[in-house]
Amino acid sequence: MSQKVLLNAKEVQIALHRLACQLIENHDTFTDTVFIGIQPRGVYLAERLKTLLETDYKLKEIKLGYLDITFYRDDFRRNDKTLEANKTKINFIVEDKKVVFIDDVLYTGRSIRAALTAIQSFGRPSDIELLTFIDRRFSRHLPIQPDYRGRQVDAINNEKVRVCWHENDGEDAVYLIKN
Amino acid sequence: MSELSVNHLLGIKYINEDDIQLIFKTADHFKEVINRSIKKVPSLRDITIANLFFENSTRTRLSFELAEKRLSADIINFSASSSSVKKGETLIDTVNNILSMKVDMVVMRHPNPGAGVFLSKHINASIVNAGDGAHEHPTQALLDCYSIREKLGDVAGKKVVIVGDILHSRVALSNIFALKKLGASVKVCGPKTLLPKYIDSLGVGVETNLRKALQWCDVANMLRVQHERMDINYFPTTREYTQQFGLNKTMLDSLDKEIVVMHPGPINRGVEITSDVADSKQAIILDQVQNGVAIRMAVIYLLASKINRDEN
């Protein structure tokens, strides 16, 4: 197994700031906007962006929820292992809100398909956007594309992209892992 | 660990502590799901479940049915009173006929102890025991322990007394197994005629004085007196039973500490528990019912994920 650094801590930081600015361009004061971090790994990025927008860009408290998509996945009973769920925590109504899905890696698009179904249990959003830190090009199984992306990556199928966050993995970095 | 060690839930006896903890963890997520405005998830779209009730049930059947519907499974219901069982069909034939209609899972209540175990050896489907005679009622024990965990934070180290008709109670046996596996101390309390002869072999204490038992415990699980299973008189009168083993508000308030009161339902108000106790703050009877749906969703979800797609 070998791994290559795609983004180091500084580059991650630059990408985060760029994403924050792009979000401000589209959402201005964020009054009707809510962030939904996709469990498990999208929540770190969502928390990061929320903190960044609130501290560095002085925005008022941005609503953030966690959405677990396990029970909505299309590969139930297609895996050897039982799919294990994570916590869903959405303490607000998404009815008529602009929802931004936040996930770390966009690969086949199936997670986002599940998230689109799952979010309907919490109301009917006025629109939904997708923000992903790493967009793996040419690997989509479904017609789903991000509205905001940190970095586009060409990775072949046996390669894996891992996004590390300081609060969970001890460093900010993005690796390309080859088996 | 993310998978059950078994393919059927036949009794608490056959599962281990890790299984129970996995079921609890999964039930936590489903509890959140059933409190949403849209309470349904599509996980089990391609699973068909048969609810076979060879014995009367209201709560358990509704709870299972709701759990299955919340998971989007297709379900068929069957009750013995309106079926060919009356015409002399055997259990295996009845179930095999149902399974030939492409059913993946069977939830069964049966008056004979061991009916689930027997069936699991002869048919090719996942089986959930919803009560077999005086043997086991695993989902009830799971939801009872889950409710204790929710109310008191943990089951380990807690003292639980099970009061009433232990002899005829599948709830008591499953509860004893589950509580012991999770590290609680258990005592049973009731008239000696309603305590099984070899109760000591289960590793539980015996107390025949209700007040002493309640002083000792953190949780009291009050069982129903099962008149329908009593072919002889086990105590002189219901009134005498109530005087000795019925829980009333005066006794509850006179205890040194606030205990949690549970009841698996249906309640005989004024027999094993008075109305003011059943409706008091300390009673978590309705929480138990709500948790029942989450627990059954977790059990069905975890078992269904082990059904092999290729076999269907």
Restricted to the stretch B:24-38 and to residues being charged (D, E, K, R) and over 25 Å from A:Arg78 (Cβ atoms), the residue farthest from the other protein chains (Cβ to nearest Cβ) is B:Lys31
A careful count of residues in the stretch A:54-107 that are at the interface with another protein chain (Cβ under 9 Å from one of its Cβ atoms) and more than 28 Å from B:Leu22 (Cβ to Cβ) gives 1
Exactly one of B:Leu91, B:Leu44 is out of contact with any Lys or Arg (no Cβ under 8 Å at 6 or more places or on another chain), modelled with pLDDT under 95 and within 12 Å of chain A (Cβ to nearest Cβ), and that one is B:Leu44
All conditions in (1) in contact (Cβ under 8 Å) with a residue 40 or more places away in the chain; (2) among the β-branched types (Val, Ile, Thr); (3) outside any loop (DSSP other than H, G, I, E, B); (4) farther than 19 Å from B:Ser174 by Cα are true of B:Ile300 except (4)
Open item on the list: Tell me whether the stretch B:192-199 contains one or more residues that are outside the structural domain of B:His29 (by TED's automatic domain parsing), over 18 Å from B:Lys13 (Cβ atoms) and buried (at least 24 other Cβ atoms within 10 Å of the Cβ).
Closed with: no
- Message: Looking at the stretch B:3-23, can you tell me whether even one residue there is within 14 Å of another protein chain (Cβ to nearest Cβ), part of a helix (DSSP H, G or I) and surrounded by fewer than 16 Cβ atoms within 10 Å (Cβ to Cβ)?
- Response: yes
Restricted to the stretch A:117-143 and to residues being closer than 28 Å to A:Val12 by Cβ and β-branched (Val, Ile, Thr), the residue farthest from the other protein chains (Cβ to nearest Cβ) is A:Ile134
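The values are calculated or read from the model by the stated rules, or taken from the named source; none is laboratory data. In this text, all values refer to a predicted model and were calculated from it rather than measured experimentally. Neighbour counts run over all protein chains shown; Cβ positions are idealised from the backbone, glycine included.
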